Amino acid sequence: MVKEKQPKTSFACSACGHREPKWLGRCPSCGTWNSFTEEEARKPLRPAGAPATAIPLASIENTAGLRMDSGIAELNRVLGGGLMRGATVLVGGEPGIGKSTLMLQAASRLVSPGRVLYVSGEESPGQIRMRAERIGAVSDRIEVLAETELGAILHVLDAVKPVLVLVDSIQTLFSREAGGQPGSVTQVRLCTSELVDWARRRDAAMLLVAHVTKEGIIAGPKLVEHLVDTVISFEQAGTEVRMLQAVKNRFGSVDEVGLFRMTEEGLAEVTDPSALFLVHREDGLPPGVAVAPVFEGSRVLLVEIQALVVPAKGGISRIYSDRIDSGRAARVAAVLEKHLGARFSEFDLYVNVAGGIRIAEVGVELPLALALYSAKVGVPLPDRLAVTGEVSLAGEVRPVSGIEKRLRACQEMGFTTLIGPLARPDGPGTKRQASLEGLTTVPHVRDAVKAAFGREAPKGGAG
């Protein structure tokens, strides 16, 4: 019997990890063009273990109590309550945004007992010591390993047995068992797989720092994001503000946002997020500005919606909006044009959110509508007025969740009036609608304009 020869090389898609025995121009799995790279066939790092056995579900221990307090409340919020033992977290962000600083602060403030191993593939131990002294993160429990070879790292991990492992960054590691240079598709996938497997077997929490591409997505094969338990994006909003948000989380919500300020002493948690995205003025609001209470996870942030309406250049109108979906802005403008007669088809629309935060919540539609109308007619909204609500294509103001919590957040910041929708017909707040003092309910966008600007406000279509 002729023994079938195994191919010495194969080709893997850099986008999804799909493998083929020969090069293809287009990946049959994800459809990406020119994404296949050649890889050498490799042997597994470890021999096959004991035969696999199934475990009854009822006998499996609940892992709810396996979380560790990172000592950073904003990080705990994004992770769903803390670092989970046996779980791996992938943290991506632009160079210099503060990923390494965040990891070092988490290592020094970890509440759970045990050793912490900081694996550095980019900085020397001396550089890490300098940063630790600057941000006050020097700790005897943190051990530093300046190494990039996977086998050596696994050997040290088995010897140290840390409860928390920090790897900065995953793209710098390489394995002698895999071909290619550090950072290649094969190397990143293999190193990530081995580290995830080690953390799961040893019940250790692991944080992997990842580089990002110029498009802002994590570099390397998409398969890496499927291997880990949580993927966190670290972004900049404003000059000093940093936003931490989970893109994937097997142990919690992906709606929570962590807010930090970058200071000389490291990352400082934002204690008053509601005031973070408001612009403080002494002369009142200018035309085209509306304040909106929006939900980011479980808390309410007050944000400032800014709109600018100018004549279109070349007769073709455009919408410039990257913080709020441009399709949503176009839809709201169409509703105003249909039901209020305010023409926007001959104008360029610019929409922005102060502070740089991106908003996807439907409750931003009514404040966006009033901001656009205010910019169109050149009349500012009253001070101490906030707006919330969803706008339908028929011009109706639809209910939004958490109206009581939104109103309370506005009142805490000194806003006396909140224009918003009626309570949900079968919602828990239906009977308490009359007790929401400070809430002005409006059924239609026409009523919202009337409530905001008064009876003497310019008619739709002015300007």
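Table: residues versus (1) out of contact with any strand residue (DSSP E or B) (no Cβ under 9 Å at 6 or more places or on another chain); (2) of a type in the set (Val, Ile, Thr).
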| residue | (1), (2) |
| --- | --- |
| Arg129 | no, no |
| Ile135 | no, yes |
| Leu145 | no, no |
| Val156 | no, yes |
| Ala159 | yes, no |
| Val163 | no, yes |
| Val167 | no, yes |
| Ile170 | no, yes |
Please state which of the following conditions Met130 fails to meet, knowing it meets all the rest: (1) closer than 24 Å to Met84 by Cα; (2) among the hydrophobic types (A, V, I, L, M, F, W, C); (3) surrounded by fewer than 20 Cβ atoms within 10 Å (Cβ to Cβ). (1)
Here's a check for you: in the range 181-200, which residue that is polar (S, T, N, Q) and not in a helix (DSSP H, G or I) is nearest to the chain's Cα centre (by Cα)? Ser184
Tell me, please, whether a residue that is surrounded by fewer than 14 Cβ atoms within 10 Å (Cβ to Cβ), modelled with pLDDT of 80 or more and of a type in the set (Ser, Thr, Tyr) can be found in the range 34-53. yes
Any strands (runs of 3 or more DSSP E) falling wholly within the range 214-288 and containing at least 1 residues that are at pLDDT 85 or above, more than 30 Å from Ser35 (Cβ to Cβ) and in contact with a Leu (Cβ under 8 Å, 6 or more places away or on another chain): 241-249, 257-263, 266-269
Does Val291 qualify as being part of a strand (DSSP E or B), under 20 Å from the mean Cα position of the chain (by Cα) and not polar (S, T, N, Q)? no
Selection from the range 104-127 of residues surrounded by 16 or more Cβ atoms within 10 Å (Cβ to Cβ) and either closer than 27 Å to Gln181 by Cα or among the hydrophobic types (A, V, I, L, M, F, W, C) (or both) yields Leu104, Ala106, Ala107, Leu110, Val116, Leu117, Tyr118, Val119, Ser120, Gly121, Glu123
In the range 159-180, anything in contact (Cβ under 8 Å) with a residue 12 or more places away in the chain, surrounded by fewer than 18 Cβ atoms within 10 Å (Cβ to Cβ) and not in a loop (DSSP other than H, G, I, E, B) is listed as Val160
Taking the range 379-407 and keeping residues touching a residue at least 60 places away in the same chain (Cβ under 8 Å), farther than 19 Å from Asp447 by Cα and surrounded by fewer than 19 Cβ atoms within 10 Å (Cβ to Cβ) leaves Ser401, Gly402, Lys405
Mind counting the residues in the range 414-445 that are modelled with pLDDT of 90 or more and among the aliphatic types (A, V, I, L, M)? 5
Which numbered condition Ala73 misses (of (1) surrounded by fewer than 22 Cβ atoms within 10 Å (Cβ to Cβ); (2) closer than 21 Å to Arg200 by Cα; (3) small (Gly, Ala, Ser)): (2)
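Yes/no matrix, rows are residues, columns are (1) surrounded by fewer than 17 Cβ atoms within 10 Å (Cβ to Cβ); (2) over 30 Å from Gly414 (Cα atoms); (3) assigned by TED's automatic domain parsing to the domain that holds Arg77:
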residue: Lys313; (1), (2), (3): yes, yes, no
residue: Arg328; (1), (2), (3): no, no, no
residue: Phe347; (1), (2), (3): no, yes, no
residue: Tyr350; (1), (2), (3): no, no, no
residue: Gly355; (1), (2), (3): no, no, no
residue: Leu372; (1), (2), (3): no, no, no
Looking at Ala333, Ala342, which is the one that is hydrophobic (A, V, I, L, M, F, W, C), outside any strand (DSSP E or B), touching a residue at least 60 places away in the same chain (Cβ under 8 Å) and in the same structural domain as Leu418 (by TED's automatic domain parsing)? Ala342
Checked against (1) closer than 22 Å to Leu349 by Cα; (2) in contact with a Gly (Cβ under 7 Å, 6 or more places away or on another chain), Met262 satisfies every condition except (1)
Kindly indicate whether any position in the range 121-131 is among the polar types (S, T, N, Q) and within 22 Å of Val228 (Cα to Cα). no
Could you please find all residues in the range 228-252 being surrounded by fewer than 16 Cβ atoms within 10 Å (Cβ to Cβ) and within 11 Å of the chain's Cα centre (by Cα)? Val247, Lys248
Quick one: count up the residues across the range 146-192 that are small (Gly, Ala, Ser) and touching a helix residue (DSSP H, G or I) at 6+ places or on another chain (Cβ under 7 Å). 6
Determine whether the range 254-267 contains at least one residue that is touching a Phe, Trp or Tyr at 6+ places or on another chain (Cβ under 7 Å) and not charged (D, E, K, R). yes
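The values are calculated or read from the model by the stated rules, or taken from the named source; none is laboratory data. Computed from a predicted model, the values in this text were never measured in an experiment. Every residue, glycine as well, gets a Cβ built from its backbone with ideal geometry; the counts of neighbours run over all protein chains shown.
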